[in-house]
Amino acid sequence: MGVQPKIELEDWSLTISGLVDSPKMFSWDDFMSLPQVEDVSDFHCVTSWSRLNNHWGGVRLMDIENYCGVVSTAKFVYIKAYDAYSTNIPLIEAMKPDVLLVHQWEGAPLTTDHGGPVRMITPQLYAWKGAKWIGEIEFRDYDELGYWEKRGYSNTAEPWLNDRYS
């Protein structure tokens, strides 16, 4: 994709939509008022490298799910980014406690190069399942392939199974 959108904090928002009881658009201040967590997890790239023991700061996706009340028919999460990137994950994977919407890495604000101001991390999956420059999360009852999945990458993306391509 190549585009790195520079998003000022006052212009950033996160929309939660789809199969939720309470759709919401979070401003930066709203997002920062959610329960903040720190976590240590690994980061796996499809190009065969991993970075272990990353220190992240952000919000658990499961806390946003609880806040907005995802309905029982939701089975998938579709993520849209400010650069038109998209990805998809099953709800069961998205609700793991270490799936975060991060705004800090190694004690510093997440840079634009790394997806700041907010990106999703999915430590149990390859990193393309965690969108940079995240702008919308839609809860669905159906799966839709995202940007890389449409281009032949695995829809399940499990690094420990070397699950890179479909």
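Sort out which residues of region 8-19 are open to solvent by less than 30 Å² (accessible area, probe 1.4 Å) and under 21 Å from Thr122 (Cβ atoms), and write them in order of number.
Once the filter is applied, which keeps residues that are open to solvent by less than 30 Å² (accessible area, probe 1.4 Å) and under 21 Å from Thr122 (Cβ atoms), region 8-19 yields Trp12, Leu14, Ile16, Ser17.
Any residue at all in region 80-93 that is free of Cβ contacts under 8 Å to residues at least 24 places away in the same chain and more than 21 Å from Phe31 (Cα to Cα)?
Yes: one or more hits.
Could you tell me whether region 28-36 includes any residue that is over 26 Å from Glu144 (Cα atoms), touching an Asp or Glu at 6+ places or on another chain (Cβ under 6 Å) and at pLDDT below 95?
No, that holds for no residue.
Could you list, in sequence order, all residues of region 107-123 that are open to solvent by less than 40 Å² (accessible area, probe 1.4 Å) and either polar (S, T, N, Q) or touching a helix residue (DSSP H, G or I) at 6+ places or on another chain (Cβ under 8 Å) (or both)?
Residues satisfying the conditions are Thr112, Pro117, Val118, Met120, Ile121, Thr122.
For region 43-60, indicate whether the set of residues that are closer than 18 Å to Gly146 by Cβ, among the polar types (S, T, N, Q) and touching a residue at least 24 places away in the same chain (Cβ under 8 Å) is non-empty.
No; the residues of region 43-60 include none that is closer than 18 Å to Gly146 by Cβ, among the polar types (S, T, N, Q) and touching a residue at least 24 places away in the same chain (Cβ under 8 Å).
Taking the condition of being surrounded by 17 or more Cβ atoms within 10 Å (Cβ to Cβ) and within 25 Å of Ser154 (Cβ to Cβ), how many residues in region 47-57 meet it?
Total satisfying the criteria: 1.
Applying the selection to region 58-81, what residues are over 13 Å from Pro97 (Cα atoms) and either in contact with a His (Cβ under 8 Å, 6 or more places away or on another chain) or open to solvent by less than 30 Å² (accessible area, probe 1.4 Å) (or both)?
Cys68, Gly69, Val70, Ala74, Val77, Tyr78, Ile79, Ala81, listed by residue number.
Which condition breaks for Ser17 when tested against (1) within 16 Å of the chain's Cα centre (by Cα); (2) farther than 18 Å from Gly116 by Cα; (3) part of a helix (DSSP H, G or I)?
Ser17 satisfies all of (1) within 16 Å of the chain's Cα centre (by Cα); (2) farther than 18 Å from Gly116 by Cα; (3) part of a helix (DSSP H, G or I) except (3).
Against the definition (touching a strand residue (DSSP E or B) at 6+ places or on another chain (Cβ under 9 Å), more than 17 Å from Val37 (Cβ to Cβ) and at pLDDT 95 or above), how does Leu91 come out, yes or no?
yes
Evaluate region 126-135: report whether one residue or more is in contact with a Leu (Cβ under 6 Å, 6 or more places away or on another chain) and at pLDDT below 90.
no
What number of residues in region 109-131 are free of Cβ contacts under 8 Å to residues at least 60 places away in the same chain and either on the phi > 0 side of the Ramachandran plot or not small (Gly, Ala, Ser) (or both)?
10
Between a residue in region 135-155 that is farther than 25 Å from Phe26 by Cα and touching a residue at least 12 places away in the same chain (Cβ under 8 Å) and any residue that is open to solvent by 30 Å² or more (accessible area, probe 1.4 Å) and among the hydroxyl-bearing types (Ser, Thr, Tyr), which pairs come within a Cβ distance under 7 Å, given they are 6 or more apart or on different chains?
Gly152/Tyr165; Gly152/Ser166; Tyr153/Tyr165; Tyr153/Ser166; Ser154/Tyr165; Ser154/Ser166; Asn155/Ser166
Pick out the one residue from Ser27, Ser22 that is at negative phi and surrounded by 12 or more Cβ atoms within 10 Å (Cβ to Cβ).
Ser27
So Asp42 passes all but one of these: (1) of a type in the set (D, E, K, R); (2) in a strand (DSSP E or B); (3) open to solvent by less than 70 Å² (accessible area, probe 1.4 Å); (4) at pLDDT 95 or above. Which condition number does it fail?
(4)
The values are calculated or read from the model by the stated rules, or taken from the named source; none is laboratory data. Since we're looking at a predicted model, the values are computed, not measured. Note that we place each Cβ from the backbone using ideal geometry, even for glycine, and neighbour counts take in every protein chain shown. Surface accessibility is based on the protein's heavy atoms, side chains included, excluding ligands, DNA and RNA. Shrake-Rupley method; radii C 1.70, N 1.55, O 1.52, S 1.80 Å.
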